[in-house]
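See below for the structure under consideration.
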Amino acid sequence: MSAPSLESQTKKTHTNSMKVHNFSAGPGILPQEVLQQASEACIDFDNLHLSLLEISHRSKNFEKVMDETTALTMELLQLDDKYKVIFLGGGASLQFAMVPYNLLRTDGTAGYVNTGVWASKAIKEAKIVGNTKVLASSEDHNFNFIPKGFAVPKDLDYIHITSNNTIYGTQMKKWPVTPVPVVCDMSSDIFSRKVDGKQFGLIYAGAQKNMGCAGSTMIAVREDLLGKTERTMLSMLDYKVHIKGGSMYNTPPVFPIYVSLLTLRWLKKNGGLEWIEKVNIQKAQAIYSEIDRNSLFKGTCEKEDRSNMNVCFVMHKPELEPEFDKMWKEAQISGIRGHRDVGGYRASLYNALPLESVQVLVEVMQAFEKKFA
Ligand SMILES: *Cc1c(COP(=O)(O)O)cnc(C)c1O
């Protein structure tokens, strides 16, 4: 028998993944049409009869990709020309180091808010680069709430916050009011709600949760904050070098950037952040109200700080977990096992997850209660 045609293989993956309800925490679910278009570009990009993976990043065709991805990012974040947007490799974790390296003066201090594992990792790197001060922390309560009302000294170079805590399921609903620039790790809720990017000095986000696939990280920075550290900068770690090169100082992660472009086009076409914010609230409410109603489950976070992206919950009787696991697996649900630091369950409701998937999970929780309560 001859190998199946490319077309039938694509169709097969397409239908297979349609059946699965993908609650993965990251890399997370992408729109089917994005996966389809991205796979087509791997074979024939822009009718060039060449793959996106085998053309120069300096070709006109790829330059258009970079320009449009940057423009859409600026538009969705409402940024003006004081800001520059770049896409780099190294993940959000590299930004834990690059942020202090570029913004923390050798005699300055940076303030950090410790809301989870990712924030702690950002603090760890910043401490190596310079002086840091932890302004507030929820570590004593296993990060189940967002600290609020903490004082921010005026002489800090910046404060660093994490808008959404992927592992613990908490999310900042209000931004801290501060006299100093705010740096925000938005990796797990970027483009999930309306945000005026101009409130921030710097925003960064790894693409693989809500704006594409793993391999590229978006950085939006107010340009006037750069060049003040008096450090002799390593080129690859210098935002100014990457800005000057238009994210092409060296070869950028071309495929992940293209997947981000497709994801942002999908978002804009469907109604942008206003639309997705409504959808995401609807999805989150559907599952949180079931968690609160269902006698077998409970949420792990303070209600007012609950994340609309990562919903963490546990069972009153953990010994029933294997029974529940059997039921959701039968319903073609994937990726709801909690992070090892929290246990229980975590349902990630990223942009591309349809409401129907949440409804399937809610039905399984209800059926589980009927059987075991
Ligand atoms: C996933 C995640 C990171 C780490 O991203 P990498 O790209 O793996 O380095 C950092 N911060 C937050 C909030 C995350 O969710």
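Quick notes on this structure:
- Applying the set (1) closer than 20 Å to residue 209 by Cβ; (2) within 16 Å of the ligand (Cβ to nearest atom); (3) touching a helix residue (DSSP H, G or I) at 6+ places or on another chain (Cβ under 8 Å) to residue 100 leaves exactly one unmet item: (1).
- Restricting 132, 229 to those that are polar (S, T, N, Q) and assigned to a strand (DSSP E or B) reduces the list to 132.
- Of note, residue 302 does not satisfy the criterion of being within 20 Å of residue 339 (Cα to Cα), surrounded by fewer than 22 Cβ atoms within 10 Å (Cβ to Cβ) and without any contact (Cβ under 8 Å) to a residue 12 or more places away in the chain.
- Counting only residues that are in a strand (DSSP E or B) and touching a His at 6+ places or on another chain (Cβ under 8 Å), the stretch 165-181 holds 0 of them.
- Filter pass, residue 127 being in a strand (DSSP E or B), out of contact with any His (no Cβ under 9 Å at 6 or more places or on another chain), more than 12 Å from the ligand (Cβ to nearest atom) and not polar (S, T, N, Q): no
- Where residue 184 falls short, out of the listed (1) touching a residue at least 40 places away in the same chain (Cβ under 8 Å); (2) closer than 25 Å to residue 105 by Cβ; (3) of a type outside the set (A, V, I, L, M): (1)
- Check on residue 62, of a type in the set (Phe, Trp, Tyr), buried (at least 20 other Cβ atoms within 10 Å of the Cβ) and assigned to a helix (DSSP H, G or I): yes
- Within the stretch 87-125, considering residues that are under 16 Å from the mean Cα position of the chain (by Cα) and of a type in the set (Val, Ile, Thr), the one surrounded by the most Cβ atoms within 10 Å (Cβ to Cβ): 115
- Lone qualifier among 91, 116, 28 - being of a type outside the set (A, V, I, L, M, F, W, C), under 26 Å from residue 250 (Cβ atoms), in contact with a strand residue (DSSP E or B) (Cβ under 9 Å, 6 or more places away or on another chain) and within 16 Å of the ligand (Cβ to nearest atom): 91
- Tally, over the stretch 181-191, of residues that are within 12 Å of the ligand (Cβ to nearest atom) and out of contact with any Lys or Arg (no Cβ under 6 Å at 6 or more places or on another chain): 5
- Residue check for residue 166: of a type in the set (Ser, Thr, Tyr), over 24 Å from residue 263 (Cβ atoms), modelled with pLDDT of 95 or more and crowded, with 22+ Cβ neighbours inside 10 Å: no
- Whenever a residue of the stretch 308-335 is at positive phi, its partners that are modelled with pLDDT under 95, lying with C-beta atoms within less than 6 angstrom and at least six residues away or across chains, give the pairs 332/19.
- Test: residue in the stretch 154-164 that is part of a loop (DSSP other than H, G, I, E, B) and within 16 Å of the ligand (Cβ to nearest atom): yes
- So residue 215, is it on the phi > 0 side of the Ramachandran plot and within 15 Å of the ligand (Cβ to nearest atom): yes
- Take the conditions (1) more than 11 Å from the ligand (Cβ to nearest atom); (2) under 24 Å from residue 311 (Cβ atoms); residue 178 misses just one of them, which is (2).
- Which numbered condition residue 172 misses (of (1) among the aliphatic types (A, V, I, L, M); (2) surrounded by 22 or more Cβ atoms within 10 Å (Cβ to Cβ); (3) closer than 24 Å to residue 24 by Cα): (2)
- Where residue 282 falls short, out of the listed (1) under 20 Å from residue 164 (Cβ atoms); (2) crowded, with 16+ Cβ neighbours inside 10 Å: (2)
- Of all residues in the stretch 349-363, those that are surrounded by fewer than 16 Cβ atoms within 10 Å (Cβ to Cβ) and polar (S, T, N, Q) have Cβ atoms under 9 Å from Cβ atoms of residues that are part of a helix (DSSP H, G or I) and at pLDDT 95 or above, 6 or more apart or on another chain, in 359/286.
The values are calculated or read from the model by the stated rules, or taken from the named source; none is laboratory data. Everything numeric in this text was worked out from a predicted model, so none of it was measured. Note that we place each Cβ from the backbone using ideal geometry, even for glycine, and neighbour counts take in every protein chain shown.
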